[in-house]
Amino acid sequence: MEIDPFIFRLSIFILSIFIGYYVVWSVTPSLHTPLMSVTNAISSVIIVGAVIAALAGDSNEIFNTANIFGFLAILLAAINIFGGFLVTQRMLAMYKKKQKDKK
Amino acid sequence: MISTNLLAVFYLISGVLFILALRGLSSPETSRRGNLYGIIGMALAIGVTILSVGNFSYGFLYLIIFLAIGGSIGAFIAFKIPMTAMPELVAGFHSLVGLAAVFVAISAFLNPTVFNLGIPGAIKIASLIEMSLGAAIGAITFTGSIIAFLKLRGIMSGSPIIFFGQHYLNLLLGILLVILIFYLCKTQTDIWFWTIVVISLLVGVLLIIPIGGADMPVVISMLNSYSGWAAAGIGFTLENSALIITGALVGSSGAILSYIMCKGMNRSFLNVILGGWGAEQSSSSTSSKEQKPVKNGNADDAAFLMKNASSVIIVPGYGMAVAQAQHALREMVDALKKNGVKVSYAIHPVAGRMPGHMNVLLAEANVPYDEVFELEEINNDFANCDVAYVIGANDVTNPVAKSDPKSPIFGMPVLDVEKSKSVLFVKRSLSPGYAGIDNDLFYRDNTLMLFADAKKMTEEIVKNL
C-alpha cells in the first residue's frame, strides 16, 4: 500500500520542529530580539499561498472575492517581509565588538 | 512553467535557507550573513511560485503593485522605527502574519479548485480541518497581537483586565471551536467557516487582555509561536513544504522563547497565560513601608562613588527604555572608562518588554556586545564589584526572591546586586515594581537611592565625572 502524502508532510513538519528546537537553543540571548523579527519575516512566506490565490482564474475575473483576499494577503505579507528583514538588518548592523585599537 | 516536483525542490531549498538564517543568529558575526540567506530564501520562494502559476496577465500586474505597496510600507517602517519601539513593532508584525493567514485560508475555502482541494461544497475533509485550524490560529494571532500592540504602545492600560468566569468562557469558546470545525466538515456550509473565524478573533482578544504589561515578553514570544503554527496549518492545506518547514521553525522558536521568559520569572506558562499577577498583591503591599529609612543621594555622590571604584556593573531594565537613557548611559560609561574603571553590563532574561530588548538598546547606543553579559555569566561578579548601577530595573534585583518563600517572586532568578560594595539605584519613587511588592534592596545599608528620571540622572552624573 502506498503511503499517504500527508504522512510525508507530517514527517517534514515534525523533523522541522526538532531542527527549530536545536537551532533556536543555540541562538545567543543577546540576539533574541532580531530572532523574533526575522522569524516574523520568514513566517510571511505564507505569501506563496497568497500569490497562488491571487493569480487564480482567468484575467476577466481577477477580482473575484477569493482573488481579492489573495491580493490583500500579499499586501500584508509584503509589509512583513520587507519590514521584518530590513529591521533585522538594521538591528544586526548595530552589534559591534569592542574596538581593540582606540583612536 | 515549472513542474510540481521542481517547485517542491525549490521550496525545500528555501526552507533550508531559512534554517541557515536562524542558525546564523548563534553569534553576531554570522548573523548578518544569516539574514541574507533568509532574504534569498524568501525571494526564491516568491519567484518560483509566480513562475509556477505562470499567469502574466492583469493579475500579475496587480501582484507587482500590491507587492510594491506593501514592500514600501514595510521598508518605511523598518527605517523609521526607533529601537525603543521594537516590542510594539514585532507585535504589530505578528498581527499581519495572522491576518494574512486568515485571508489565505478564506481564499482557499472560497476557491478550493486552485489549490487542488476539491470543489466548493465538496472540499476534502483533511483540507477543511487544516484550513480551519490555520484560519483559527491566524485569527487568534491577529487580534491577540493587536491587544499586545495596544498595551505595549500604552494606548491600552498595561494592567490586567479580569472578569468573573473568564477562564471558563475561554474554555467554552475553545470547545465551541472544535464543535464548529466538526460541523463545517459535516455540512461544508460557509456559515460555520465564518463563525470559526469570528469566534477565533474573539478568543485572541480574551486570551491577551488578562495578561499584564511586564508579562509581555512571554506574550510576544507566544504570539510569535502562534504565527508559526498558523503558517504551518496553511502549509498543510496548500501542501507546501516551504510553509510547513517555516511554520515549524517559527512555532518552535516562539515556544522556546516563551519557555526562557517563563523560567526567567520562575512562573509556569499556564500561570502567565491565566494572567493577573500583581492584581491580588498590590493591595497588601502598600502599607507599612513608609517608616523604613532610605539613603538618599544625588548625582554628585554617585559620580564620586563610581569614579573611585575599580569595577562597576550596570543593571538596565525597562525604565531605561522608557526614559531613552541608553545613550546617556553610554556616555557615562565612556567617562568612567577614561578614569580606568572596569565596566560591564548585566542583563536579566526578562528585563524589558521582549526577549533581548535591553541588548538591542545597548547595541543602538554603540555598547560593544562583549561587554554585555547574561545573568548566569555575571552573577558571581557582583561580590567583587564596587558599584552596581541599577537603572530602570526593579523586581529582577529584589533579594526577597531568594529569602522569603512567601513572596510571589520567590524562586525567581535575580541579579545578586546587593552583594556589591555599594548599590546606586536610579528610580523615580519608592513605588513597588510590576510584581507589586516592595524591593528590599532600597533599605539596605549599602544602597544609595537616586530619585530622578533615569536619563536626567545619568546625564547629571556625566557632568560630575
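Checking every residue in the range B:232-249 against the condition of being open to solvent by less than 10 Å² (accessible area, probe 1.4 Å) and within 30 Å of B:Ser157 (Cβ to Cβ) gives zero matches.
Every residue, every condition in (1) facing another protein chain (nearest Cβ under 7 Å); (2) surrounded by fewer than 21 Cβ atoms within 10 Å (Cβ to Cβ), yes or no:
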{"site": "B:Gly38", "(1), (2)": "yes, no"}
{"site": "B:Gly47", "(1), (2)": "no, yes"}
{"site": "B:Gly54", "(1), (2)": "no, yes"}
{"site": "B:Leu63", "(1), (2)": "yes, no"}
{"site": "B:Gly71", "(1), (2)": "yes, yes"}
{"site": "B:Ile77", "(1), (2)": "yes, yes"}
{"site": "B:Pro82", "(1), (2)": "no, yes"}
{"site": "B:Ala85", "(1), (2)": "no, yes"}
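For the range B:348-393, the tally of residues that are more than 28 Å from B:Gly254 (Cα to Cα) and of a type in the set (Gly, Ala, Ser) stands at 2.
Pairs linking a residue in the range B:441-465 that is surrounded by fewer than 21 Cβ atoms within 10 Å (Cβ to Cβ) to a residue that is in a strand (DSSP E or B) and among the small types (Gly, Ala, Ser), with Cβ atoms under 6 Å and 6 or more positions apart or on different chains, are B:Asn446/B:Ser422.
Scanning the range B:220-271 for residues that are of a type outside the set (S, T, N, Q), within 15 Å of A:Val23 (Cα to Cα) and touching a Leu at 6+ places or on another chain (Cβ under 7 Å) gives a single hit, B:Leu249. Selection of the range B:402-422 for residues being crowded, with 23+ Cβ neighbours inside 10 Å and over 29 Å from the mean Cα position of the chain (by Cα) yields only B:Ser420.
When B:Leu180, B:Leu110 are screened for being more than 28 Å from the chain's Cα centre (by Cα) and at pLDDT below 90, only B:Leu110 passes. The residue of the range A:33-65 that is modelled with the lowest pLDDT, among those that are in a helix (DSSP H, G or I) and open to solvent by 10 Å² or more (accessible area, probe 1.4 Å), is A:Ser59. The residues listed here are B:Pro349, B:Pro355, B:Pro399; of these, the one that is in contact (Cβ under 8 Å) with a residue 40 or more places away in the chain, within 29 Å of B:Gly212 (Cβ to Cβ) and surrounded by fewer than 19 Cβ atoms within 10 Å (Cβ to Cβ) is B:Pro399. Scanning the range A:10-30 for residues that are under 19 Å from B:Ser27 (Cβ atoms) and either touching a residue at least 40 places away in the same chain (Cβ under 8 Å) or open to solvent by less than 60 Å² (accessible area, probe 1.4 Å) (or both) yields A:Gly20, A:Val23, A:Val24, A:Ser26, A:Val27, A:Thr28, A:Pro29, A:Ser30. Scanning the range B:422-443 for residues being in contact with a strand residue (DSSP E or B) (Cβ under 7 Å, 6 or more places away or on another chain) and not aromatic (Phe, Trp, Tyr) gives a total of 8.
For the range B:145-173, a residue qualifies if it is open to solvent by less than 70 Å² (accessible area, probe 1.4 Å) and over 22 Å from B:Tyr318 (Cα atoms), and the qualifying residues are B:Gly165, B:Gln166, B:Leu169, B:Asn170, B:Leu173. Scanning the range B:443-452 finds one or more residues that are in a strand (DSSP E or B) and among the β-branched types (Val, Ile, Thr).
Pairing each residue of the range B:36-54 that is among the aromatic types (Phe, Trp, Tyr) with any residue that is crowded, with 21+ Cβ neighbours inside 10 Å, provided the two are 6+ apart or on different chains, yields C-beta distances under 8 Å for B:Tyr37/B:Leu17; B:Tyr37/B:Phe18; B:Tyr37/B:Ala21; B:Tyr37/B:Gly24.
The values are calculated or read from the model by the stated rules, or taken from the named source; none is laboratory data. Everything numeric here is computed off the predicted structure, so don't read it as measured data. Every residue, glycine as well, gets a Cβ built from its backbone with ideal geometry; the counts of neighbours run over all protein chains shown. Keep in mind that these areas ignore ligands, DNA and RNA; they rest on the heavy atoms of the full protein, side chains included. Shrake-Rupley method; radii C 1.70, N 1.55, O 1.52, S 1.80 Å.
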